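Heads up, the thing below is written out as structure tokens.
The values are calculated or read from the model by the stated rules, or taken from the named source; none is laboratory data. A quick note: this is a predicted structure, and the numbers were derived from the prediction, not measured. Cβ coordinates were reconstructed from backbone atoms using ideal geometry, including for glycine residues, and neighbour counts include every protein chain displayed. Heads up: the accessible areas ignore ligands, DNA and RNA and are worked out on the full protein's heavy atoms, side chains in. Shrake-Rupley method; radii C 1.70, N 1.55, O 1.52, S 1.80 Å.
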Amino acid sequence: MLTRRCVLRLAAGCAVLPAWAARAAEEAPTGRFGIAALKEGYLKRIAAIRAAGKLPIFDIESSYDPGKIDLEDFVREMDRTGVAVMAFSPDMPGRLVKKGETWSHHVFELIRLYPDRFYPTGNGGVHPAWTKNQERFLDDNERYILAHGYPLMGEFEFRHYMSPRQAERNETHRDVDIPIDGAAGERLFAFAETTGIPFQIHYEIEDRLLPPLEAMLARHPKAKVIWCHLAQIRYKERSTLYTPDYLRGLFARFPNLYIDTAFGGPYGIYKPSGQRHARVWTDGGDIRPEWSALIAEQPYRFLAALDIGGDRMDRLDDWVRNLRYFLDRLPEPARRIVAYRAAWKLLFNEEIGV
Ligand SMILES: [Zn+2]
């Protein structure tokens, strides 16, 4: 049985209890994440949730504001709602960027406190650290991902419309447009390809955006790319090409492409366009048969995701309910695979035993 102290020691490469444990979380820590030890904890937790009769969720994509989260409350909600493990990525808050910081090391705090609930994930490529200076953000990303042995990078926003909540608050800085085939994209894809470490992209679905993405996937076939938000199309008139068949074609060409399943419920409206942006759904609130068929056919390409963010850290319950509504409508065995088995396979390169 792994004690917390043991995990900490392993996380620090079996050095003495690391100094970062007692320090403020924003300071640069030393040591590497001990993934083998953490993995045992995840497995036990997933098995326990299953044994309790609940479908465990391995959330591949969520983020948080390290300065604002109430972790104790948050993990209590995870336990209550059956969320086993989260790839929980810190977003660098603007107030710290103003002080000259560009990277949050708060993940060390997550792992120190709750080693069986969180999967070490790099910072999200979001405003302002990423949008203001991609080169510097990528410098940090490469340096810290390698130095600390992060096994997963965060979500990089290349094309990002304002979310419904951001639109309401008129947060136009969240309207991000960085060419995926530009210098920053090239550097990120190449880094992922060399290291084998997966990364996530936020990339709105528009006809004009598809060729550059395909070109990057073709140029970097070994880069493991998680394209977030399956079939989330905010402006229907900008997207005529993306269909289950289109995605099927991408899967055939690009064996390292994954899709996450964070999207809105059947009746959610994207206010700026007035459209129901989660296109997976029928009008009656079921999964469209053609989407369900693709997921059933290739379930390991689809990863459960909650997309918790800094402005909704207290709403885990709603977001889990939404994800479970979707998962419950998938046929078995796809349901279980998408919920946690696909993430396990991608991250540990093996089938999970539970
Ligand atoms: Zn996103």
Listed by first then second residue, the pairs whose first member lies in segment 148-169 and is more than 19 Å from Glu206 (Cα to Cα), whose partner is open to solvent by 30 Å² or more (accessible area, probe 1.4 Å) and within 15 Å of the ligand (Cβ to nearest atom), with beta carbons under 7 Å and at least 6 positions apart or on separate chains, are Arg165/Asp311; Gln166/Arg174
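Any idea which residue in segment 63-100 is nearest to the ligand (Cβ to nearest atom), counting only those that are closer than 15 Å to Ala339 by Cβ and of a type outside the set (Val, Ile, Thr)? Full working, then the answer.
Going through segment 63-100, the residues closer than 15 Å to Ala339 by Cβ turn out to be 78, 81-87.
Imposing the further condition that a residue be of a type outside the set (Val, Ile, Thr) reduces the set to 78, 82, 84, 86-87.
Details: Met78: 20, Gly82: 23, Ala84: 21, Met86: 15, Ala87: 13 Å.
Per the criteria, the residue is Ala87.
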Would segment 310-317 turn up any residue that is charged (D, E, K, R), within 21 Å of Pro266 (Cβ to Cβ), touching a Gly at 6+ places or on another chain (Cβ under 9 Å) and surrounded by 14 or more Cβ atoms within 10 Å (Cβ to Cβ)? no
If you go through segment 331-352 one residue at a time, how many are buried (at least 18 other Cβ atoms within 10 Å of the Cβ) and more than 19 Å from Ile259 (Cβ to Cβ)? 1
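So which residues in segment 223-251 are among the charged types (D, E, K, R) and under 19 Å from the mean Cα position of the chain (by Cα)? Show your work before the answer.
As a first pass, look at segment 223-251 and keep what is among the charged types (D, E, K, R): 224, 234, 236-238, 245, 248.
Matches in segment 223-251: Lys224 only.
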Could you please find all residues in segment 294-322 being closer than 22 Å to Pro120 by Cα and assigned to a helix (DSSP H, G or I)? Tyr300, Arg301, Leu316, Trp319, Val320
Unique residue being within 19 Å of Lys271 (Cα to Cα), assigned to a helix (DSSP H, G or I), touching a residue at least 24 places away in the same chain (Cβ under 8 Å) and within 16 Å of the ligand (Cβ to nearest atom) when the list is His173, His229: His173
From the list Ala36, Ala51, Ala15, pick out the single residue that is surrounded by fewer than 21 Cβ atoms within 10 Å (Cβ to Cβ) and at pLDDT 95 or above. Ala51
What pairs come out if I take residues in segment 184-207 that are of a type in the set (Gly, Ala, Ser) and away from the ligand (no atom under 15 Å from the Cβ) and pair them with residues that are part of a helix (DSSP H, G or I) and open to solvent by less than 10 Å² (accessible area, probe 1.4 Å) whose C-beta lies under 7 Å away, six or more apart or interchain? Ala184/Leu138; Gly185/Met216
Condition set open to solvent by less than 30 Å² (accessible area, probe 1.4 Å) and among the hydroxyl-bearing types (Ser, Thr, Tyr), scope segment 137-185, selection nearest to Gly100 (Cα to Cα): answer is Tyr150
For segment 74-149, please list each of the helices (runs of 4 or more DSSP H) lying entirely inside it that holds at least 3 residues being out of contact with any helix residue (DSSP H, G or I) (no Cβ under 6 Å at 6 or more places or on another chain). 94-98, 107-113, 134-148
So, in segment 176-212, how many residues would count as being touching a Ser or Thr at 6+ places or on another chain (Cβ under 9 Å), in a helix (DSSP H, G or I) and among the polar types (S, T, N, Q)? 0
Name the pairs: first residue in segment 48-61 and more than 16 Å from the ligand (Cβ to nearest atom), second residue charged (D, E, K, R) and part of a helix (DSSP H, G or I), Cβ to Cβ under 8 Å, at least 6 apart or on different chains? Leu55/Arg324; Leu55/Arg335; Leu55/Arg336; Pro56/Arg45; Pro56/Arg50; Ile57/Arg324
